[in-house]
Amino acid sequence: MKKIYLFSALIIVALSSCNTLKLMVDNDYSYETDFTKYKTYNFLNCEIDTSFVCSEIQDAIRRQMKARGYKVVADGPGLLVSYSIIRDRVDYKGYFQPSLDRWVNHFDGDDTYKTQNFHFGGGMILVSLLDAESSRLIWRGYASGVFNKQVNKPINYYRSVVRNIFDQYPLFAAGEKPRKIEEL
């Protein structure tokens, strides 16, 4: 009888793992940026989607920026935050780079961009940080497979996706002490 229960439990675990969304999460950043100077930000409008997804993603980004000590300001922000929601297959050019915190804290002089091409299915969410003064893109995090139709999306799904993206941005606002980031 114990064998039947054990076998049933294994089947349930195996079937539930088939319904798990596997995201590919990564980021790219500018070697020319002093990431330690930014304290404030504001949003640009959502680029594509006007549904509830847009507001959920914006709320999740706001939480992640707040957890890192950044303040939202209407006038004169240091950063502009933009995000894109792409529901279809995407061909994307990214870069092989050291982790952002390693590069910021231990710059080693190897500042050549090594490109890599990705072919993503299931759509993606891109979050971009731009220097507000120059409008130059300084960091972009992305997650692919976000809109895979075969997966049931739990409550707070998009918050979790954005959190995974921001795990690639381990930096804090200028003047903030590094600490463990906890969900707000």
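Residues in the range 22-53 that are open to solvent by 70 Å² or more (accessible area, probe 1.4 Å), out of contact with any strand residue (DSSP E or B) (no Cβ under 7 Å at 6 or more places or on another chain) and modelled with pLDDT under 85 were compared, and the one that is farthest from Ile165 (Cα to Cα) is Thr50. Selection of strands (runs of 3 or more DSSP E) fully inside the range 98-184 by the criterion of at least 2 residues being on the phi > 0 side of the Ramachandran plot and at pLDDT 65 or above returns nothing. Taken over the range 54-66, residues that are open to solvent by less than 30 Å² (accessible area, probe 1.4 Å) and either modelled with pLDDT of 95 or more or in contact with a helix residue (DSSP H, G or I) (Cβ under 6 Å, 6 or more places away or on another chain) (or both) amount to 5.
Among the residues of the range 74-83, are any more than 23 Å from Asn148 (Cβ to Cβ), hydrophobic (A, V, I, L, M, F, W, C) and over 18 Å from the mean Cα position of the chain (by Cα)? Yes, the range 74-83 contains at least one residue that is more than 23 Å from Asn148 (Cβ to Cβ), hydrophobic (A, V, I, L, M, F, W, C) and over 18 Å from the mean Cα position of the chain (by Cα).
The values are calculated or read from the model by the stated rules, or taken from the named source; none is laboratory data. Computed from a predicted structure; not experimentally measured. Positions of Cβ are backbone-derived with ideal geometry, glycine not excepted, and every protein chain shown enters the neighbour counts. Areas reflect the complete protein model, heavy atoms only, side chains present, ligands, DNA and RNA absent. Shrake-Rupley method; radii C 1.70, N 1.55, O 1.52, S 1.80 Å.
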